[in-house]
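As structure tokens, the structure follows; a few thoughts come after it.
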Amino acid sequence: MKNLILKDFAKWTKLNKGNKFSLYDYIFHITKLKKVDSDIYFAFFELFWPSFIVYKDYILLKENFSEEKIEDLIRRKEKVEFWMNFFITDPYFENQENEEVKSESLARSLVQIWQAKLEKDFPTKNFIIKYICDEEYGDYGLTFYQKINQSSCSSPD
């Protein structure tokens, strides 16, 4: 993580000084204290180790899959994988301190994680996994596509 200071975790460990607490302990206790449903662990699992769907030779994020959107992109001759696998991270940190740093850090981390997952699931395919930063709009995110199906430019025409 890019020099992120986890202020809530730091505050939590300070309140519990004398005890050695890890981030794992923090996650456990915060989900219990805030009564967060345990389903969130599995939702995060899908974010950090996503499932993919193969549709007409396209490799797509399962959670973004929409046959209607794909067919529309094909009709308009758009970059199907680029757009269907496009994921923006900044909404997760809206109105928070250091939201740009957090958004960038999550997007850059997901690039590495998704690359590992794609290599594991599709060892014979070659992918381009792009970190995307639109400074004009303050959007951070990532996308991926196969080298054979899409051009290698980082922003669509």
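Considering only residues of region 130-145 that are farther than 14 Å from SER105 by Cα and surrounded by fewer than 18 Cβ atoms within 10 Å (Cβ to Cβ), which is nearest to the chain's Cα centre (by Cα)?
Step by step, filter region 130-145, then rank; the result is ASP134.
With (1) under 13 Å from the mean Cα position of the chain (by Cα); (2) closer than 20 Å to TYR140 by Cα as the list, and PHE45 as the residue in question, which single condition is left unmet?
Status for PHE45: all satisfied but (2).
Would a scan of region 85-107 turn up a residue that is under 13 Å from the mean Cα position of the chain (by Cα) and farther than 30 Å from TYR26 by Cβ?
Scanning region 85-107, I find at least one residue that is under 13 Å from the mean Cα position of the chain (by Cα) and farther than 30 Å from TYR26 by Cβ, so the answer is yes.
Could you please give the count of residues in region 132-157 that are within 20 Å of ILE113 (Cβ to Cβ) and modelled with pLDDT of 50 or more?
The qualifying residues number 11.
I need a count of the residues in region 91-139 that are of a type in the set (A, V, I, L, M) and touching a helix residue (DSSP H, G or I) at 6+ places or on another chain (Cβ under 8 Å).
5
Can ASP39 be described as of a type in the set (Asp, Glu), under 30 Å from PHE28 (Cβ atoms) and either modelled with pLDDT under 95 or buried (at least 19 other Cβ atoms within 10 Å of the Cβ) (or both)?
yes
Take GLU104 and tell me if it is surrounded by 15 or more Cβ atoms within 10 Å (Cβ to Cβ), under 21 Å from GLY138 (Cβ atoms) and of a type outside the set (Ser, Thr, Tyr).
yes
Report yes if some residue within region 19-27 is under 25 Å from TYR137 (Cα atoms), surrounded by 11 or more Cβ atoms within 10 Å (Cβ to Cβ) and either without any contact (Cβ under 8 Å) to a residue 60 or more places away in the chain or not small (Gly, Ala, Ser) (or both); otherwise report no.
Checked region 19-27: no residue is under 25 Å from TYR137 (Cα atoms), surrounded by 11 or more Cβ atoms within 10 Å (Cβ to Cβ) and either without any contact (Cβ under 8 Å) to a residue 60 or more places away in the chain or not small (Gly, Ala, Ser) (or both).
The values are calculated or read from the model by the stated rules, or taken from the named source; none is laboratory data. These figures come from a predicted structure and were not determined experimentally. Don't worry about glycine lacking a Cβ; one is built from the backbone with ideal geometry, like all the others, and counts go over all protein chains shown.
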